[in-house]
Amino acid sequence: MNLQVAKVEIGDLPDLQIIGAESYLPHYTHLWKNGGLEWYLNRCFSEEFLKNEIADENVEYYIVKNNAEMIGMMKLILTKKVPHSEIENALYLEKIYFTKEWTGKGVGKKLIDAAVRRANELKREYIWLMAMDTSAKPIAAYQKSGFKIHCRTNLGEEFALMKEEFRGMVVMIKELNKESEKLNFPPLQQYGK
């Protein structure tokens, strides 16, 4: 395995759209009512939406490759307050998606490590994420990486096309410290370089 995690720029938009859909569809189609999947893919991976996101200095996308093969993507919000807390100096790990063939092969751990590295570079005190409360394996993997459940919440009416039983979420948080700065994380690169 030869994983590279590289930051996406505007010229990489077509690759981000492709890997976004390829890594989302095998895992999450069952979450949606009729029309919901199309709504979500358009909401998160349309050209217009991604152009605006990539132009936002508070948002970073990364594409993960094994050699030349795109196998996943990650989205970070560089500064976002942790819900139901006073914590503002935090990085939000909004998305980690990778293709089904790479499930269980350590890609998620490498992406979490890369996100922690980025949070440390930015001198964030915390990193946080949300996971579906029905997804026991991902929650266990996040806990193994040092995240703790901070609170529970539900996705709002904006996600009305998602089946009710999948709208419950846990907010998970990890406090960063000097020890995590010393860890040997994979290097973040410029995508396409």
Are any residues in the range 82-98 closer than 27 Å to Ile18 by Cβ and free of Cβ contacts under 8 Å to residues at least 60 places away in the same chain, and if so, which ones? Leu91, Tyr92, Leu93, Glu94, Lys95, Ile96
Looking only at strands (runs of 3 or more DSSP E) that fall completely inside the range 74-176, which ones have 3 or more residues that are closer than 23 Å to Tyr61 by Cβ and within 14 Å of the chain's Cα centre (by Cα)? 90-98, 126-132, 168-175
Take the residues in the range 19-55 that are among the hydroxyl-bearing types (Ser, Thr, Tyr) and assigned to a helix (DSSP H, G or I), then tell me which one is surrounded by the fewest Cβ atoms within 10 Å (Cβ to Cβ). Thr29
Selection status of Gly72, in contact with a Leu (Cβ under 9 Å, 6 or more places away or on another chain) and closer than 22 Å to Phe45 by Cβ: yes
Given the options Ile63, Ile71, name the one that is part of a strand (DSSP E or B), within 23 Å of Arg124 (Cα to Cα) and at pLDDT 95 or above. Ile63
Quick one: count up the residues across the range 40-81 that are touching a residue at least 12 places away in the same chain (Cβ under 8 Å), over 21 Å from Val5 (Cβ atoms) and touching a Phe, Trp or Tyr at 6+ places or on another chain (Cβ under 8 Å). 2
Whether any residue in the range 150-162 is surrounded by 15 or more Cβ atoms within 10 Å (Cβ to Cβ), farther than 16 Å from Ile112 by Cα, of a type in the set (A, V, I, L, M) and modelled with pLDDT under 95 is what I want to check. yes
Specify which of the listed residues (Thr79, Thr103, Thr134) is under 18 Å from Ala21 (Cβ atoms), surrounded by fewer than 16 Cβ atoms within 10 Å (Cβ to Cβ) and of a type outside the set (A, V, I, L, M, F, W, C). Thr103
From Asn120, Asn66, Asn58, residue being surrounded by 19 or more Cβ atoms within 10 Å (Cβ to Cβ), of a type outside the set (Val, Ile, Thr) and over 22 Å from Met169 (Cα atoms): Asn120
Across the range 1-18, what is the number of residues that are without any contact (Cβ under 8 Å) to a residue 60 or more places away in the chain and either surrounded by 14 or more Cβ atoms within 10 Å (Cβ to Cβ) or in a loop (DSSP other than H, G, I, E, B) (or both)? 4
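The values are calculated or read from the model by the stated rules, or taken from the named source; none is laboratory data. From a predicted model like this one, the values you see are computed outputs, not experimental measurements. Every residue, glycine as well, gets a Cβ built from its backbone with ideal geometry; the counts of neighbours run over all protein chains shown.
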